[in-house]
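What follows is a short report on a single structure.
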Amino acid sequence: MPLDIFKDDAPVLRQKAKPVRNINAPVRKLLDDMQETMKEAHGVGLAAPQVGTSKRIIVVDAGAGLYEIINPELLSAEGTECAIEGCLSIPGWAGDVDRFTTVRVTGLNRDGSKIWLDASGFLARALQHEMDHLDGILFVDKAKTLMEATQEDVEAVEVAAKPTQFRIVYMGTPEFAVKPLEELLSCGHDIAMVVTQPSRRGNRGKVQEPAVKEYASARNLRVLQPESVDDETFIQAARDAHPDFLVVAAFGQKLSKELLNTPKYGAVNVHPSLLPEYRGAAPVQRAIMDGRTRTGVTIMRMAQRMDAGGILAQSVAEISPSDDAGTLGEKLAALGAAMLPRVLQEMAGRTARAIPQDPARATRAPRLSAQDEQIDWSRPAAAIANQVRALRPEPGARTLFGGKNIKIRAVEETGPSAAGSRPGTIECDDGTLAVVTGSGILRVQQLQPAGKRLMTGDEFVRGYRPATGDRFESPA
Ligand code: ZN
């Protein structure tokens with residue numbers, strides 16, 4: 001006999017279900033009823049709490065036969081993959097959820113015998129979804145993004161099949177752009193090609209490959225590095241790829257109208273700021289430099305004007321006092337990556353809404369200049385500390401000692417400075433390295449003289465023997 005399916009806010013869906021102690025006739029009857037309920041609802045799985053019984057019982061039929069498992073337990077799991085799920089208890093919604101790719105599950109069958117089940121792909125996903133129900137967890141708790149789904153979509157499956165796969169031309173260059181690419185791959189999208197800036201010769205003539213190129217090459221993706229994206233040969237290559245989307249993250253060149261017109265659904269950009277604030281090449285560094293405590297990520301529809309397109313999605317992130325450009329960039333990359341799959345699905349389904357940016361609120365975050373790297377010791381300690389964090393790990397904040405360049409890598413504010421001390425004056429009587437600023441003292445925790453290794457302030461005092469009263473100078 002099919003049972004009613006409990007939905008939405010039903011308390012039983014949120015309880016931790018109790019283990020079954022005796023596998024008796026009522027338990028076997030419940031298994032029969034759950035199967036009928038699942039079939040009638042065209043589901044591929046069902047957990048006992050969904051029919052109002054808070055017991056650890058699931059049934060799953062993901063096309064590879066029926067499994068009834070009493071007191072299921074996850075023994076081991078490997079890998080993760082992201083796909084769209086729905087739930088018979090949450091009609092009208094779908095979302096993308098990370099699940100283990102392969103699982104080993106144990107439990108009891110209806111005869112009370114112990115069983116083991118090795119599952120992968122869709123069956124593994126269904127098992128994890130149903131086992132979550134036994135702990136009061138719903139897929140919406142784990143979904144990275146949620147979208148409205150039609151009744152047919154969700155009725156057809158307790159756990160939905162694969163999301164639409166798109167063909168994507170991905171354009172990005174530094175470390176920030178790796179995470180979104182990784183996310184698109186893990187969602188099963190087809191990366192037609194990866195476009196990065198040409199490799200440059202770095203220090204000591206060594207060729208430095210863009211982070212995205214290294215990542216993409218290691219995965220045998222097709223990588224293009226055009227000198228100019230306006231090059232007709234390149235634009236033709238992009239057209240020939242027949243992309244559904246152009247996805248851009250910190251690419252570093254303006255894109256022409258011809259290129260923006262190549263994808264079927266459109267071009268989107270992942271930008272690490274709360275647009276319209278911090279438009280430009282260095283939004284992460286500029287936000288830290290300004291002493292901000294929050295920033296975010298925006299996914300926008302790309303327009304011809306740099307960073308001026310409509311906003312498709314936005315998330316806020318805190319900037320902690322210990323964040324530097326490296327850690328904050330990583331945080332924002334992960335956040336932006338998690339937002340991408342839903343935005344693409346929405347754009348393809350024509351349900352995406354782009355909110356225009358308010359040009360009156362726009363601020364600029366221009367590329368860092370050599371000037372930005374120089375420490376002006378007459379500024380307040382807090383401002384210099386922000387500058388040091390903003391320029392870490394690279395390029396580093398610079399000062400001069402005895403005419404030689406030194407990169408200041410980490411500092412800490414220690415207190416007010418004595419009246420009359422000149423900014424830049426070194427204080428090292430106690431063996432630690434402190435510097436007078438325009439307002440307050442900064443203790444230097446880490447620094448790096450040109451061509452030397454990274455060292456602590458104490459090591460610098462012992463090795464370079466500055467006298468109290470010596471000064472760090474601003475480069476001219
Ligand atoms: Zn469910």
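Points worth noting:
- Net charge of the neighbourhood of residue 352, taken over other residues with C-beta under 11 Å away and scored Lys/Arg +1, Asp/Glu -1, is +3.
- Backbone amide hydrogens, once placed in the peptide plane, bring residue 445 within less than 5 Å of 410, 411, 412, excluding anything fewer than 5 places away on its chain.
- Cα-based equivalent ellipsoid of region 11-161: semi-axis lengths in Å, sorted from largest, via gyration tensor: 23, 17, 14
- Angle between the chain longest axis and helix 25-40 axis [Cα atoms, degrees, rounded to 10]: 70 degrees
- Cα pair distances exceeding 31 angstrom across region 167-361, given as percent: 14 percent
- Equivalent ellipsoid dimensions for the chain as semi-axes, Å, which come from the Cα gyration tensor, largest first: 53, 29, 20
- DSSP beta bridges fully contained in region 370-464 are about 90 percent antiparallel.
- Candidate lysines - alpha carbon under 19 Å from residue 407, same-chain residues fewer than 8 apart omitted: 452
- 222 nm mean residue ellipticity, helices alone, for the chain (DSSP H n ≥ 4; -39,500 (n - 2.57); rounded to 500): -7500 deg cm²/dmol
- Net charge contributed by nearby residues that have their C-beta within less than 12 Å of residue 12 (K/R +1, D/E -1): +2
- In region 185-238, taking the dipole from charged Cβ atoms about the Cα centre, the farthest positive-side position among 220, 195, 238 is held by 220.
- Relative to the Cα centre, the charge distribution of the chain, modelled as +1 at Lys and Arg Cβ and -1 at Asp and Glu Cβ, gives a dipole magnitude of about 1360 debye.
- The overall shape of region 370-464 is oblate: from the C-alpha gyration tensor, with semi-axes ordered a ≥ b ≥ c, the ratio a/c is 1.5 or greater and a/b is no larger than b/c.
- Calculated accessible area for the chain comes out at 47 Å² per residue, all protein chains present (probe 1.4 Å; ligands, DNA, RNA ignored).
- Of all DSSP beta bridges in the chain, antiparallel share, percent nearest 5: 75 percent
- Ranked by how many other beta carbons lie within 10 Å on average, peptides 230-236, 428-434 from highest: 428-434, 230-236
- Couplings 3J(HN,Hα) of region 371-376, computed from phi: 4, 5, 7, 7, 7, 9 Hz, in residue order, whole Hz [Karplus 6.51 cos²θ - 1.76 cosθ + 1.60, θ = phi - 60°; x for Gly and Pro].
- Gap separating the Cα centres of region 311-331 and region 187-202, nearest whole Å: 23 Å
- Based on C-alpha pairs under 8 angstrom that are at least 6 apart in sequence, region 236-329 has a relative contact order of 25 percent.
- Contact order relative to length of the chain, as percent, for alpha carbon pairs under 8 angstrom and 6 or more apart: 9 percent
- The DSSP beta bridges internal to region 11-161 are antiparallel in roughly 95% of cases.
- D (Stokes-Einstein, µm²/s), Kirkwood Cα radius, region 313-417, 0.692 mPa s at 37 °C: 193 µm²/s
- Look at the dipole of the chain built from charges on Cβ: of 425, 172, 268, the Cα furthest out on the positive end belongs to 425.
- Total charge dipole magnitude, region 167-361, about the Cα centre, Cβ charges on Lys, Arg, Asp, Glu only, Debye to nearest 20: 140 debye
- Span from the region 16-52 Cα centroid across to the region 339-408 one, whole angstrom: 55 Å
- Only lysines eight or more places from residue 39 in sequence, or on another chain, were considered; those with a Cα closer than 23 Å are 7, 29, 55, 162.
- Taking the longest Cα principal axis of the chain as reference, the axis of helix 121-134 is set at about 80 degrees.
- Of all aspartates and glutamates in the structure, those lying under 13 Å Cα to Cα from residue 404, and not within fewer than 8 positions of it along the same chain, are 473.
- Packing, as the average of other Cβ atoms within 10 Å across residues, places the peptides 340-352, 43-55 in the order 43-55, 340-352, highest first.
- Charge tally in the Cβ shell below 14 Å around residue 415, where Lys, Arg are +1 and Asp, Glu are -1, residue 415 excluded: -3
The values are calculated or read from the model by the stated rules, or taken from the named source; none is laboratory data. The structure presented is a predicted model; accordingly, all values stated were derived computationally and were not measured. Cβ: placed from backbone, ideal geometry, glycine included. Neighbour counts: every protein chain shown. Just so you know, the surface numbers come from the protein's heavy atoms only, side chains and all, with ligands and any DNA or RNA stripped out. Shrake-Rupley method; radii C 1.70, N 1.55, O 1.52, S 1.80 Å.
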